[in-house]
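Nothing in this text is a laboratory measurement; each read-out follows from the coordinates by a stated rule. Every value quoted in this text rests on a predicted model; they were computed, and no experiment measured them. All Cβ positions, even for glycine, are placed from backbone atoms using ideal geometry, and neighbour counts span all protein chains on display.
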Amino acid sequence: MQARALAPEEHFVEAEPYYEATGDEIAIFEAAYRNKLPVLLKGPTGCGKTRFMEYMAWRIRRPLITVSCHDDLTASDLVGRFLVKGGETVWVDGPLARSVRAGAICYLDEIVEARKDTMVVIHPLADDRRVLPMEKLGTLLEANQDFCLAISYNPGYQSVLKDLKQSTRQRFVALEFDYPAADLERKIVAKESGVGDALAEKLVKFAHMTRNLKGSGLEEGASTRLLVHAAKLIASGVEPVSACRSAIAQAITDDGEMLAAMRELSSSLF
Amino acid sequence: MADNGFQLSAEHIEQALEQWLEVEFTFLHVAELAASIAVLPRPDQDFLLGWVQRIATTNIQIANQFAHHAITGLAQLDHHVIGAWALHAMDTYDRAGLRPAIKAIKDLDNFVQLAHERVAGVLFEEVGGILLTFICGLSGRRLKLKEGETVHTDSETLFLPAVVARMQRADDNFALAKAMAAFLWAQTRFGTFRADLPAALAAYPEPERALRHFHALETLRLDACIGRELPGLFREMTRLRAELGEIQSLPKAWQRYSQELAVADATVFDSLRLLEDAYRGEAPSPVCYQGELRPDAVALVMSARKEREKILLRVKLAQLAQELRKQKPESPAGPPRFETRRAPEDQAGLERLELTLDDMPIAPPEEVRQLLTSIQLDLGEIPPEYLTPADPGEYDPGLYEAKHADPDDVWQGTYHEEGATFYPEWDFGRQHYRKNWCVMREKDVPPVYDEFVSDTLRKHSGLVKHLRRTFEALRDENRLLKREPSGDEVDIDALVEALADARDGSEMSDRLFMRTQRSERNIAVMFMVDMSGSTKGWINDAERESLILLCEALETLGDRYAIYGFSGITRKRCELYRIKRIDEAYDDEVKARISGIRPQEYTRMGFAVRHLTHLLNEVEARTKLLITLSDGKPDDYHDGYRGKYGIEDTRKALQEAQRGGIHPFCVTIDQEARDYLPHLYGAVNYTVVDEVRKLPLKITEIYRRLTLN
Ligand SMILES: Nc1ncnc2c1ncn2[C@@H]1O[C@H](COP(=O)(O)OP(=O)(O)O)[C@@H](O)[C@H]1O
Ligand SMILES: [Mg+2]
């Protein structure tokens, strides 16, 4: 395929992404969107939040701009800054400002990872003012009527530092995500990787074993994403036990004893 | 004993034994013993004598008995297994005293089912951790794993022997230990104890025989369950049996039982039904992983559990209903109505129950989910009366909160009696830990509301001001980075230069911005304060003043910190005094507690380091510090903690902390500290403050330096 350079706000999701609904999240998101309410996706990593956003972007036919938040992300990274081009300073919009102008969906992934001052800029966007303060320009940018703000947050990391403030969370319609129920997860794994149902079922069993270990040495169990990874390796000819080790166990822990126990668990299944 | 290769002479050995076994006082006869050790090959001699010396630091009688028995053991067992046996005897001594320990020594034959050749056994101590995690990953009730005399379960704890050594190779022995654990798990998971076994078996003329036959039938059924659920494991179990020659064709009748019990919905009641017929014939011989069935032990634990879990579930549901209804004001009136519905089979094959409140499905918290699973495993369902939320005050909280006191649990360290936790202690003579040796309790320092804090602040007012200023400068320091490719502000100097360059025709730099970089301090610090009796007087005053100043400084900084005092007398009373928890605010009560710090007893240190390490490990921070404020070396009354023992234990505890990513540091006013502190903390991680008066100033300065990055 030819690589194409697209401005982010031209990035429409053209083909329907594969997404299995796990509840009434689609209907709720659509209702929130119609009412111009921002949305908060809660849930552990790798359980389908990003995929859901791609699917919704396709459904409501708006471009999707995703920002993965990290601890160096500042408000300017979202809103924009001056750059010097050809001897003159020019203003360049950040991804949030672009979305606000173009009426795109802006998805701030793992919002609690960002610096605290970034929250301040999303607050006025997340209530009925729907404006983005552009401090550097001294202006307020009013949101396009199609603009949509979505953020994600993993409540599993129980840390005082990384908790979402009440003043932030109370502005959002919250959608709760979790790993799909076993049958559905098996279907997703099979479909995403091309392995057969029987194998997908065993991988899901293995995932449940690791999820049983959450709190007893593991911070998180295996996510759906990791299962898909393992399944893809297996589909390319890797032994199931090795695939579980490389794609799943190593991804969730470095602890030698835990890795050994997970090896025993996976080899009991296959 | 350095001259490798040559046998030690009987004379040499006798001398060593005389010294270690203190024959001058004990009148033990060692000549004969020495003679029999003298004929052993040198590596065996060194090994055996090394252990005798180590054990003798714990108890001479045990060392002597060990020496006698180990000589025979050496012919059949590898060093690894004998070492484990010696440690097992010493643990028994710590736990139960001399007589049981001597019995453990004499029980070498029972300790390991003797093989004919030297075998490479696996030790519970080494594989227990992995196996527990393995079991925890399997579905069903949360189980515990302990060392026991025989392989069996009481339906909550799986017991495995101290050594598994039936196979030749170590990895096969590990596989066998795993198979044993999994087979016991299967009994709890696939309902072996759902029937009233004691009653059912008592109905036979020979209950023992009935038990044996029932066990064989259940083994057939559980094998099939494991085969379906964990096919990879079952393949391995079959291989082990094949290697031990345990696979024989079953008698005709048993082939039929086997078929009946292999169907997916066969239950324990099918085994009991078939027992009537099977009882008459001969049972097939037991398989290597099946262990024992102890229906009486199960019945005891199970009836207590059923009672407890019913109460617990009803109490938890009442709390849950209250919480959920608070969130949803439009909930129906009347008492909350919980029900369970069968959801489609989940992956583990356990029928998953969906919990509903007033017909709305709810996601129960983990604790409730585990209760539901456990009850379902015992009863096959959740009876409706279990789902009626308890009325307020219906049960005395003591009924469900205080766990049943199982002395074994106490020693396993899993059971917390009146807030006690158990910590191991390093015995350098034994070169091994004493398990669950220290009984640790957290206490609050009684607050004293007096003038101490304000007096201190007045007394050091100049220093306080100085501290605020210095520490403020440390706080989330913002650094302005210039000439950056991007940033929040234009760097005018750079821009002017660049424009000049451009006019000259040379290339224009794009590094024209200024960016503020904020270094977020992410530090958690634990202060461990010596509250031993020797701090009485001005040292105690200096400690308290230092803490006040430290708190002032740390409040300016915003670092998270906790303060605990330590002291104790003997291993049974190791005490940690809470002064400030990590998440507690520096409020009037904390100040009053600092004021209330009073010297207590001795300076046992290892347990304090271990417990505070444990607390720090639960905190999320980039940098973690454990700072000890002390007036002297570890010391305790009467039980040998004085001197080298205490120092080595503390050193070990500090190493454990370091392995977990914690940086220990010590500030002391002991002038002799230079003799032992480098050994404890390493050459750079301590400071001796020579004047007590200077402690407040010094410690804040040290803290500043330590956390500067
Ligand atoms: N409901 C779902 N439908 C389809 N695929 C899913 C679903 N949930 C998870 N996945 C799979 O899991 C992968 C990881 O999900 P992702 O959306 O990236 O997780 P998150 O954003 O929650 O971290 C996806 O790429 C997809 O393969
Ligand atoms: Mg994602």
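Would you tally the net charge around A:D127, using a Cβ to Cβ cut-off of less than 12 Å, leaving A:D127 out, and scoring K and R as +1, D and E as -1? Each step should come with its number before you reach the end.
Numbers: positive: A:K36, A:R129, A:R130, A:R171; negative: A:D128.
Here the charged neighbours net out to +3.
To the nearest 20 Debye, how big is the dipole of segment B:122-293 about its Cα centre, given +1 on the beta carbon of each Lys and Arg and -1 on that of each Asp and Glu?
Working: 20 positive and 24 negative charges, 72 e Å.
Using only the charged Cβ atoms, the result is roughly 340 debye.
Mean Kyte-Doolittle of at least -1.0 and a Cα length of 24 Å or more along the axis: which whole DSSP H helices of chain B meet both?
Span-like helices here: B:60-76, B:79-96, B:170-189, B:207-229, B:295-327, B:538-557.
How about B:K103: which lysines have a C-alpha closer than 29 Å to its C-alpha, ignoring those fewer than 8 places off in the same chain?
The qualifying lysines are B:K144, B:K146, B:K178, B:K435, B:K572.
Just want to confirm a number: the relative contact order over segment A:8-176, from Cα pairs under 8 angstrom separated by 6+ residues, in percent.
30 percent
Stretch B:E366-B:E381 to full length: gain in nm at 0.36 nm per residue minus the Cα-Cα span?
On the way: separation 15, 0.36 × 15 = 5.40 nm, distance 1.84 nm.
Answer, rounded to one decimal: 3.6 nm.
Could you compute the net charge surrounding B:Y686? Neighbours are other residues with a C-beta less than 15 Å from the C-beta of B:Y686; K and R count +1, D and E count -1.
Net charge around B:Y686: -2.
In cubic angstrom, how much convex hull volume per residue do the alpha carbon atoms of segment A:5-63 span? Numbers along the way, then the final one.
Working: hull volume 6.1 nm³, N = 59.
Considering the Cα atoms of segment A:5-63, their hull volume per residue is 104 Å³.
Let me know the shape class of chain B, please: from the alpha-carbon gyration tensor, a ≥ b ≥ c as square roots of the eigenvalues, rounded when a/c is under 1.5, otherwise prolate if a/b is greater than b/c, or oblate.
Note, shape of chain B comes out oblate.
Using C-alpha positions alone, give me the convex hull volume of the protein assembly as shown per residue in cubic angstrom.
Per-residue hull volume (Cα only) is 249 Å³.
Order these by the 10 Å Cβ neighbour count, fewest first: B:Y676, B:Y703, B:Y577.
B:Y676, B:Y577, B:Y703
I need the Kirkwood Rh of segment B:220-288: take the reciprocal of the average 1/r across all distinct C-alpha pairs and report it in angstrom.
Working: mean 1/r = 0.0776 Å⁻¹.
Answer for segment B:220-288: a Kirkwood hydrodynamic radius of 12.9 Å.
Can you give the Rg and Dmax of segment B:122-293 based on its C-alpha atoms, in angstrom?
Reported Rg and Dmax, both Å: 15.6, 43.
In whole angstrom, how far apart do the alpha carbon centroids of segment B:667-707 and segment B:29-90 sit?
Here the two parts' Cα centres lie 44 Å apart.
Put a dot 7 Å past each Cα toward the Cβ at A:R101 and B:V490; how far apart are the dots in nm?
Inter-label distance under the simple model: 1.9 nm.
For an R0 of 51 angstrom, estimate the FRET efficiency from the Cβ-Cβ distance between A:A7 and B:T470 and round to the nearest 0.05.
0.55
Only four residue types carry charge here, +1 at the Cβ of Lys and Arg and -1 at the Cβ of Asp and Glu. Report the dipole size of the protein assembly as shown about the Cα centre in Debye, rounded to the nearest 20.
Around 1160 debye, computed over the protein assembly as shown.
Only helical DSSP H runs with n ≥ 4 go in: add -39500 (n - 2.57) per run for chain B, normalise by residue count and round the 222 nm mean residue ellipticity to 500 deg cm²/dmol. Each step should come with its number before you reach the end.
Details: 28 runs with 354 residues, N = 709.
That calculation yields -15500 deg cm²/dmol at 222 nm.
With the crude spin-label approximation of a point 7 Å out along Cα→Cβ, what separation in nm comes out for B:D504 versus A:I60?
For B:D504 paired with A:I60, the spin-label model returns 5.4 nm.
How large is the convex hull of the C-alpha atoms of segment A:182-269 per residue, in Å³?
Considering the Cα atoms of segment A:182-269, their hull volume per residue is 75 Å³.
What is segment B:551-621 by shape, rounded, prolate or oblate, if you read a ≥ b ≥ c off the alpha carbon gyration tensor as root eigenvalues and call it rounded for a/c under 1.5, prolate for a/b larger than b/c, and oblate otherwise?
Oblate is the answer for segment B:551-621, as a/c is 1.5 or above yet b/c matches or exceeds a/b.
Ranked by Cβ crowding within 10 angstrom, fewest neighbours first, how are A:Y19, B:Y686 ordered?
A:Y19, B:Y686
Classify segment B:10-111 as rounded, prolate or oblate, taking a ≥ b ≥ c as the square roots of the eigenvalues of its Cα gyration tensor: rounded when a/c is under 1.5, otherwise prolate if a/b is larger than b/c and oblate if not. Walk me through the intermediate numbers first.
Values: a/c = 1.95, a/b = 1.17, b/c = 1.67.
Since a/c reaches 1.5 but b/c is at least a/b, the shape of segment B:10-111 is classed as oblate.
Add +1 for every Lys or Arg and -1 for every Asp or Glu among the other residues with Cβ under 12 Å from the Cβ of A:A97, and state the total.
Summing Lys and Arg as +1 and Asp and Glu as -1 gives -1.
With the crude spin-label approximation of a point 7 Å out along Cα→Cβ, what separation in nm comes out for B:R693 versus B:E672?
Here the answer is 2.6 nm between the modelled labels.
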